[in-house]
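Report on one structure; see the data block that follows.
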Amino acid sequence: VLTLRDETARIKAEQRLSESEARFRTVADTAPALIWMTDAEGATTFANRRFRGFFGIKTERQLATGWRDAFHPEDLPLLDTAFARALEGRQRFEHVARVQHPTHGLRWLRMEGAPRFDAAGYFQGYIGASIDVTEAKKAEDDLKRINELLEERVGDALAEKAKAEADLMHAQRMEAVGRLTGGVAHDFNNLLTVVIGALDIILRSEDPAKRQKLGEAALSAARRGERLTHQLLAFSRRQALRPEAMDVNGLIREGEPLLRRAVGEAVAFKLKLRRGGARVSVDPAQFEAALLNLVVNARDAVGETGRITVQTQQCMVAAGEVVDLPAGDYVCVSVTDDGQGMTPEIMRKVFEPFFTTKSVGKGTGLGLSQVYGFARQSGGGVKIVSSPGKGAEIRLYLPPLGEEAPRERITT
Ligand SMILES: Nc1ncnc2c1ncn2[C@@H]1O[C@H](COP(=O)(O)OP(=O)(O)OP(=O)(O)O)[C@@H](O)[C@H]1O
Ligand SMILES: [Mg+2]
């Protein structure tokens, strides 16, 4: 009786087990994933229907290693290493690898496995599921390719833009050189006409007064030629500055008669010089040239009559107030006129060498580029305040020569 009862219990237990196994098998076989299990050594012991179908496994004997051949030969070693590492640490296993499927072609398989432990805590192996992520991978790859393409396009566009800018700059330079040869040749020709004409008459004339007058005319024309070559040399930066510590007020006063003559009688010319002087370290010849350039520009802007003022001040410049000029105290030399003024468009270009709005022979467009070059080489800067019809003020900022040691020169 006793053995019979035992037997019944055993049969019941076996029934329950096979029932639960059948339930698991049904669940596993209907799941939309490749489900697998391994023993504690990692050998495959179970695979659901989908898994067998996918890898073409027909017999139990094929189960253990039959699926391995399908993996891409390049990916198999990595898969083995990843699984071995997880197995050793009894950790979760996650991996993505390629499968060379006999009918579906190349597929990407994402595998995930969790370690199994029995009630006593003994490691039993892995249970895992793998899914075909080829579509997602494709989408990801497409996205990556699109991104790369986009990057490439943007790169191309930027390169194109840089080239266009370089071309434009080259074109502008060529245009400038063209204007130079035209303008300078014309100017020199005019000067030489005056010089040659004057010398010709001097050689043939007996009248001392006439000879004197023509000699002076020839000399002043030759001087203008000299100024022109100086500007050209300064522009090409071959003329080094020879800075000296001096009071610009003194320089301006010395140059006043020349400046007055340059502006003409009908223009009111005024000096407003800072009391106590304005000491800076500049090349005096270059400063005079810059001042003359500014005053001549003002004269051209006011036309027949008008007002031109040369002023010196001590001023404080905030950061960003004047282009490329560090914040600090400066000696400011400004030339103000009530002439035609400038449009913002013109103001943007005036420092470019050879930029001029004047007709050939009237201007070479080197005046303000000399002023700018001189200011920068002296450690200063230039700022223009102007609008059409409202006159113009060109400010020259120069580092002051105070009690402290002279500041570092900016070399441009
Ligand atoms: N005070 C000003 N008022 C109005 N426009 C000005 C003034 N100063 C300069 N400009 C403009 O800036 C341009 C460039 O001046 P810049 O002194 O460099 O050359 P330019 O006077 O034309 O020729 P150059 O000085 O070589 O004889 C001028 O052609 C003019 O259009
Ligand atoms: Mg000028």
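The values are calculated or read from the model by the stated rules, or taken from the named source; none is laboratory data. Just so we're clear, the structure is a prediction, and the values are computed from it rather than from any experiment. Because the Cβ atoms are built from the backbone with ideal geometry, glycine has one as well, and the counts that use them run over all protein chains shown. Just the protein is used for accessible areas: all its heavy atoms, side chains included, with ligands, DNA and RNA removed. Shrake-Rupley method; radii C 1.70, N 1.55, O 1.52, S 1.80 Å.
Sub-6 Å Cβ pairs linking a first residue in the range 82-97 that is among the charged types (D, E, K, R) to a second residue that is open to solvent by 40 Å² or more (accessible area, probe 1.4 Å), at least 6 apart or interchain, are E94/E112, ordered by first then second residue. Any idea how many residues of the range 372-390 are under 28 Å from the mean Cα position of the chain (by Cα) and within 16 Å of ligand 2 (Cβ to nearest atom)? The qualifying residues number 6.
Among the residues examined, A28 qualifies as at pLDDT below 90 and within 60 Å of the chain's Cα centre (by Cα).
Residues that are assigned to a strand (DSSP E or B) and open to solvent by less than 60 Å² (accessible area, probe 1.4 Å) were ranked within the range 117-126; the one that is farthest from I35 (Cα to Cα) is F123. Residue pairs whose Cβ atoms lie under 7 Å apart, separated by 6 or more positions or on different chains, with the first residue in the range 351-373 and in the same structural domain as Q286 (by TED's automatic domain parsing) and the second of a type in the set (D, E) and more than 8 Å from ligand 2 (Cβ to nearest atom), are G361/D187; T364/D187; S369/E352. Name the residues in the range 105-120 that are without any contact (Cβ under 8 Å) to a residue 12 or more places away in the chain and within 50 Å of the chain's Cα centre (by Cα), would you? Scanning the range 105-120 gives a single hit, G105.
Determine, yes or no, whether G391 is modelled with pLDDT under 95 and either open to solvent by less than 40 Å² (accessible area, probe 1.4 Å) or more than 9 Å from ligand 1 (Cβ to nearest atom) (or both). Quick ask: steps written out before the conclusion?
Values: modelled with pLDDT under 95: no; either open to solvent by less than 40 Å² (accessible area, probe 1.4 Å) or more than 9 Å from ligand 1 (Cβ to nearest atom) (or both): yes.
Judged against the criteria, G391 is not a match.
Taking the numbered list (1) in contact with a Leu (Cβ under 7 Å, 6 or more places away or on another chain); (2) within 17 Å of T45 (Cβ to Cβ); (3) surrounded by fewer than 18 Cβ atoms within 10 Å (Cβ to Cβ) in turn, A129 passes all entries but (3). Out of (1) open to solvent by less than 40 Å² (accessible area, probe 1.4 Å); (2) assigned to a helix (DSSP H, G or I); (3) modelled with pLDDT of 90 or more, what's the single condition that is false for G373? Of the numbered conditions (1) open to solvent by less than 40 Å² (accessible area, probe 1.4 Å); (2) assigned to a helix (DSSP H, G or I); (3) modelled with pLDDT of 90 or more, the odd one out for G373 is (3). Taking the listed residues V360, V323, the one that is more than 8 Å from ligand 1 (Cβ to nearest atom), closer than 27 Å to E226 by Cβ and in contact with a Lys or Arg (Cβ under 9 Å, 6 or more places away or on another chain) is V360, with no other qualifying.
If the condition is being modelled with pLDDT of 80 or more and either more than 18 Å from L228 (Cβ to Cβ) or touching a Ser or Thr at 6+ places or on another chain (Cβ under 6 Å) (or both), then the range 168-197 contributes only G197.
If I ask for residues that are more than 16 Å from ligand 2 (Cβ to nearest atom), open to solvent by less than 100 Å² (accessible area, probe 1.4 Å) and charged (D, E, K, R), which ones from the range 183-209 would you list? Residues satisfying the conditions are D200, D207. Can L396 be described as part of a helix (DSSP H, G or I) and either aliphatic (A, V, I, L, M) or on the phi > 0 side of the Ramachandran plot (or both)? No: the conditions fail for L396.
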